[in-house]
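*Asks:* Got a structure for you, written out below as structure tokens; questions coming shortly.
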Amino acid sequence: MSFSFVGRIVAIAALLGSVVLVGDAVSVGASATAPSPRCNAVHFAANAHVTTRPGGADVRLVFTSEYFPSCSWSNSTTYQFATASGFVFGAKVSIATTKGLAVPAQPWHVNDTYQVVQNLLTEEGVLCTQRQAASVVVTSPGDGPRLVKLPASLVVCVNGTTKWTSLSSLSFPKPSACATTSLKLSIGQSDGAAGTIFYPLIFTNEGKTACSVSGVPDVQPVTGSLANVAHILVGPRATVRDLSSQGYGELFRLASGASASAAFGVVETGNFTPSQCVAAKFESLSVGFLGSGTWWVPLASTTCTKLASTNISGVVPGNTGLAP
């Protein structure tokens, strides 16, 4: 990890109280961010599920984003079938050109590592010219196509008196919030920048299913180096620092075994006058999320007791405390 990229560190005003959420977006004190870039289907992991029925089939396309930051899924993204040899056939269809669907004025916002689900419905037309489809070609506006392989060959009508395929509305499944019991807290390799030592607080999903995390951990330095004993607070809780130019503790999907992290900063007490600071040692941290339980983790350092000299960032994917 390198927190030497001081230019990425943007201080924001301290927030009163806890602004930590698990399973929801930060709604208080979030820094302004630039408009989300357009989603490119090529940047999504994708798979297809096919369910046959009398008169056609339902094709469920599932896209999972593994990129940071968030992006906007365009209404004009097109879908078209292709043969095993790559020959594309039939008309392109999109939400924007499909009648009967409520289409918002703006593209849909897709958060980090969220899923996008699009259903294609095929029909057997009268006097239908048939082709064997082996994949679906998904093309985002202005970007190259993404080929999503079907699990089995599918008969699709190219033309006829019945429309060969249609779309239903997009959906954006969100994994449930990570339970405290499913997350393991650890501390990564420290690094220093501009008189502050940073420690990544790493939250690893040890559960068997994906869950969501977001927001800013509530971190309080305390005494004691042993677990399951009473700990005394040392100085104020950590104030909030935004370390990401791309987001602020945005909600994202945490797969089983994957990690999220937040950067805990300890400002050197020598940066303050002794009377302003009144330094004291702490031996561990109490860490929690609003509405959930807390963790305890050993970490020895020194903090001010008269003013806040520790800070914390919002959670980001990975284990460095910095947004990718």
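*Asks:* Looking at region 165-224 only, could you name the residues that are part of a strand (DSSP E or B) and among the polar types (S, T, N, Q)? Quick ask: steps written out before the conclusion?
*Replies:* If we filter region 165-224 for residues that are part of a strand (DSSP E or B), which is where we start, we get 165-167, 171, 177, 183-187, 191-193, 196-205, 211-213, 218-222.
Correct list: Thr165, Ser166, Ser171, Ser186, Thr196, Thr204, Asn205, Ser212, Gln220.
*Asks:* Of the residues Glu250, Glu268, only one is among the acidic types (Asp, Glu), more than 13 Å from Asp218 (Cα to Cα) and over 14 Å from the mean Cα position of the chain (by Cα); which? Before you say what the answer is, go through the steps one by one.
*Replies:* Working: Glu250 fails: over 14 Å from the mean Cα position of the chain (by Cα).
Going through Glu250, Glu268 in turn, the sole match is Glu268.
*Asks:* Hey, another quick one. Return only the number of the condition from (1) surrounded by fewer than 18 Cβ atoms within 10 Å (Cβ to Cβ); (2) closer than 12 Å to Thr83 by Cα that Val148 does not satisfy.
*Replies:* So the condition that Val148 fails would be (1).
*Asks:* Can I ask one more? Residue by residue through region 119-154, note down the ones that are without any contact (Cβ under 8 Å) to a residue 60 or more places away in the chain, at negative phi and more than 29 Å from the chain's Cα centre (by Cα).
*Replies:* Result: Gly125, Val126, Cys128, Thr129, Gln130, Arg131, Gln132, Ala133, Ala134.
*Asks:* Taking region 272-283 on its own, how many of its residues are more than 16 Å from Pro236 (Cβ to Cβ) and either surrounded by fewer than 16 Cβ atoms within 10 Å (Cβ to Cβ) or among the small types (Gly, Ala, Ser) (or both)? Full working, then the answer.
*Replies:* Within region 272-283, the first condition is being more than 16 Å from Pro236 (Cβ to Cβ), and the residues that meet it are 273-275, 283.
Within this subset, residues satisfying the condition of being either surrounded by fewer than 16 Cβ atoms within 10 Å (Cβ to Cβ) or among the small types (Gly, Ala, Ser) (or both) are 273-275.
So the count comes out to 3.
*Asks:* Could you pull out every one of the strands (runs of 3 or more DSSP E) wholly within region 248-313 that has 2 or more residues that are touching a residue at least 60 places away in the same chain (Cβ under 8 Å) and more than 27 Å from Asn205 (Cβ to Cβ)? Before you say what the answer is, go through the steps one by one.
*Replies:* Values: elements: 252-254, 259-267, 279-288, 294-304, 310-312.
It comes to 279-288, 294-304.
*Asks:* If you check Val156 against the conditions, is it surrounded by 13 or more Cβ atoms within 10 Å (Cβ to Cβ) and under 17 Å from Arg53 (Cβ atoms)? Walk me through it before giving the result.
*Replies:* Numbers: surrounded by 13 or more Cβ atoms within 10 Å (Cβ to Cβ): yes; under 17 Å from Arg53 (Cβ atoms): yes.
It is true that Val156 is surrounded by 13 or more Cβ atoms within 10 Å (Cβ to Cβ) and under 17 Å from Arg53 (Cβ atoms).
*Asks:* Taking the stated definitions as given, is Glu250 touching a strand residue (DSSP E or B) at 6+ places or on another chain (Cβ under 8 Å) and either of a type in the set (D, E, K, R) or buried (at least 24 other Cβ atoms within 10 Å of the Cβ) (or both)?
*Replies:* Numbers: touching a strand residue (DSSP E or B) at 6+ places or on another chain (Cβ under 8 Å): no; either of a type in the set (D, E, K, R) or buried (at least 24 other Cβ atoms within 10 Å of the Cβ) (or both): yes.
It is false that Glu250 is touching a strand residue (DSSP E or B) at 6+ places or on another chain (Cβ under 8 Å) and either of a type in the set (D, E, K, R) or buried (at least 24 other Cβ atoms within 10 Å of the Cβ) (or both).
*Asks:* In addition: Please find, among Phe63, Phe81, the residue that is surrounded by 15 or more Cβ atoms within 10 Å (Cβ to Cβ), assigned by TED's automatic domain parsing to the domain that holds Asn159 and modelled with pLDDT under 90.
*Replies:* On the way: Phe81 fails: modelled with pLDDT under 90.
It is Phe63.
The values are calculated or read from the model by the stated rules, or taken from the named source; none is laboratory data. It should be emphasised that the depicted structure is a prediction, and the values quoted were computed from it without experimental measurement. Quick reminder, even Gly has a Cβ in these numbers, built from the backbone with ideal geometry, and neighbours come from all protein chains shown.
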